[in-house]
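The values are calculated or read from the model by the stated rules, or taken from the named source; none is laboratory data. Quick caveat: nothing in here was measured; it's all calculated off a predicted structure. Note that each Cβ is placed from the backbone with ideal geometry, even for glycine, and that neighbours are counted across all protein chains shown.
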Amino acid sequence: MSCNYTEKVSSLIDGELSAAEARDIERHLLNCAECEQQRADFLNLRRQIASFETSLQPTVQNRALRKILSVDRRAPAHGFQWGFNTQALAFTTLLIVGAIIGLVLYQTSSTGDPEKQQVAIQSPSPAPESSIKKPSTTESPESSKDQPAPSKNNKETTTPKRSAPARRPPAREPKPGEQFAAIPEPVRSADSETMTAMHFEKAERLLLAFKNVRLNEPGAATNVGYERKRAKELVYQNMMLRREADAAGDVQIASLLENLEPILLDIANLPARPDQDSVRVIRERVERKNIVALLRVNHMALARALD
Amino acid sequence: MASEDEEFTMLFQDFYPSLCRFLECLLGGRAPLAQDLAQESFLQLHRTAWGNLPAGEARFWLYRVARNMAINEFRKSNTRYRLFDRVVETMRPRSRNPEQEYEAQERQSLVLKMLQTLPEDQRAALLLREQEQLTYREIGQVLNVSESKVKVDIFRARASLRERWGKQEQKFRVQPSGCSSSRQAKA
């Protein structure tokens, strides 16, 4: 179709052109065989499309009219009403079935026996033999054996110990035939992590102070008294935290505490007037194991995690 | 109320067959579905819009609703009605002799096949023009598009059909009296 009038021909046969435009096109058609052919083809298409006969039967038409007139105008259309109800029913059924399945799954997956759960929560020691014991027997000997007698001086270390076990998340209920501590609880509570961070900070300060003890001066041994006292306080806390870290499966914290523990014990067990060699040996061990840096890194990491 | 029903009946008798034909061509020959949709359109008109529409608007409203329903049907399964349509077509009473009936069926089938090659908006515009003799403005009103788009759509539909017509009519061995004979004469 190279002629510019081809689109106008379509409008011409539809009577959509103005009188002047129609005259122009008619005049053009007298001279353009292509557009004349196009008009003939368009008109033939019109005949074919317009002569299409529907297969509608009069009985069907009358039946449709009767059906329409019999429907109350205020009532919703039958087809739409049925479609809506079907969809709503299907949706409601789906919701109910989903809720039932969810309930069943929740009941099967959740912990069932509250008494056993209470045992798991209150058990401070992850060792299998201690976890099997009842709460009254596990709580008191551990605390009486490991913890020092509460004094006015170590309030800050004893206070968090009391609150930590009560706020620990519930432990998984052991299945029949399975020991409780076989799979350690992987999540540690925020309290124990806070205590660990504080403990690392205190231990770091202690080791730094111990490192700075002046050995060349004649009265050096008397300056170790403060470090001994702090080390004694921290040893017990270190034991508790190491056990908790072991129970939680936190290998990194547990190993760090394990390395720290003998150093704290050695400092705590220094004689009242230690010689310079004993102090130097402990210092060398601290430096060799790079404990101070590890304490600082872990303390900062825990603090960031808690923030 | 009685006069309203009488008016509605007159409208129904006037436009129900043409609405069925429009839908049948739009849907590609699914006559029972076209009749169902036409009935549903009239039902909606009777239930909701009848009496609220201005005079002369009911026809355009009907075609607009019917076309929307047809578009919804395009999105549904295309195979649901085919078997039923064939059964209905087979059982349809024949008024002409077999040869005439065969020729008419072939021509109808060819028209439907040709129309199905067009995009839906072009097909609807062309059908409203050729079968219902609506103006471009009225077609734009029904299809909710501008007059200029209607003009372009109709022209493109015609040009597309004209191009395909020769090949298809040879394929189906139908001899329409129009373009093919004139083209052959020209050649």
- Message: Condition first: surrounded by fewer than 15 Cβ atoms within 10 Å (Cβ to Cβ) and within 19 Å of the chain's Cα centre (by Cα). Now tell me which residues in region B:136-150 satisfy that.
- Response: B:ARG137, B:ASN144
- Message: Just to check your reading of the model, which residue among A:VAL297, A:VAL281, A:VAL292 is farther than 19 Å from A:GLU201 by Cα and among the hydrophobic types (A, V, I, L, M, F, W, C)?
- Response: A:VAL281
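Only one of B:LEU11, B:LEU62 is part of a helix (DSSP H, G or I), closer than 27 Å to B:GLN108 by Cα, in contact with a Ser or Thr (Cβ under 9 Å, 6 or more places away or on another chain) and not aromatic (Phe, Trp, Tyr). Can you tell me which?
Result of the check over B:LEU11, B:LEU62: B:LEU62.
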- Answer yes or no as to whether A:MET195 is at pLDDT 80 or above, within 28 Å of the chain's Cα centre (by Cα) and under 26 Å from A:LEU302 (Cβ atoms). yes
- Message: Within region B:35-51, take every residue that is at the interface with chain A (Cβ under 8 Å from one of its Cβ atoms), touching a residue at least 24 places away in the same chain (Cβ under 8 Å) and in a helix (DSSP H, G or I) and give me the one that is nearest to the chain's Cα centre (by Cα).
- Response: B:ALA38
- Query: When region B:8-27 is examined, which residues are found to be facing another protein chain (nearest Cβ under 7 Å), out of contact with any Phe, Trp or Tyr (no Cβ under 9 Å at 6 or more places or on another chain) and more than 14 Å from A:VAL60 (Cα to Cα)?
  - Reply: B:THR9
- Note on the structure: Counting only helices (runs of 4 or more DSSP H) wholly inside region A:1-60, the ones holding at least 2 residues that are within 11 Å of chain B (Cβ to nearest Cβ) are A:6-14, A:33-50
